[in-house]
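The values are calculated or read from the model by the stated rules, or taken from the named source; none is laboratory data. None of the values given here were measured: they were computed from a predicted structure. Reconstructed Cβ throughout: ideal geometry from the backbone, glycine too, with neighbour counts over all protein chains shown. The accessibility values were calculated without ligands, DNA or RNA, using every heavy atom of the protein model including side chains. Shrake-Rupley method; radii C 1.70, N 1.55, O 1.52, S 1.80 Å.
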Amino acid sequence: MKTIAALQAVVTAVPFDGEPSDAELDAIETEMPLILADVDLLDAQIMTIDRTPTELDERRIRRARRRVLAARRALANTATAGEVA
C-alpha cells in the first residue's frame with residue numbers, strides 16, 4: 001500500500017509557497033473596481049432578502065447594477081485597448 005506522502009512528490013512537482021505571483025496581484029489590482037462593484041451589489045441585494053424592497057432599496061440595487069456594468073465595460077475596454085496596442 002502506497003502512502004500519500006510517497007505520491008505527493010509526483011502530484012506536486014512545483015512547491016506552492018502560498019503567495020500570489022506579481023502577475024496575479026496585477027490582475028487583482030486591475031479587476032478591483034469590478035470586485036468592489038460586485039460587493040456593493042451583493043450588499044444591496046442581501047439587505048432586501050428577508051423583506052419587500054422599498055423604493056429606496058430598488059434604487060440602490062439599480063445603481064449598484066449600473067456600477068457593475070460600468071466596471072465590466074471599463075475592464076473590457078482596457079483589455080481590448082491592451083490587445084490593440
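Under the condition of being of a type in the set (Lys, Arg) and under 18 Å from the mean Cα position of the chain (by Cα), which residue from region 33-73 is surrounded by the most Cβ atoms within 10 Å (Cβ to Cβ)? By that ranking, first place goes to 67. Applying the condition of being in contact (Cβ under 8 Å) with a residue 24 or more places away in the chain, of a type in the set (A, V, I, L, M) and touching a helix residue (DSSP H, G or I) at 6+ places or on another chain (Cβ under 7 Å) to region 58-73 and asking which residue is nearest to residue 42 (Cα to Cα) yields 64.
Matching residues to (1) open to solvent by 100 Å² or more (accessible area, probe 1.4 Å); (2) at pLDDT 95 or above; (3) part of a loop (DSSP other than H, G, I, E, B):
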site	(1), (2), (3)
16	yes, no, yes
19	yes, no, yes
23	no, no, no
31	no, yes, no
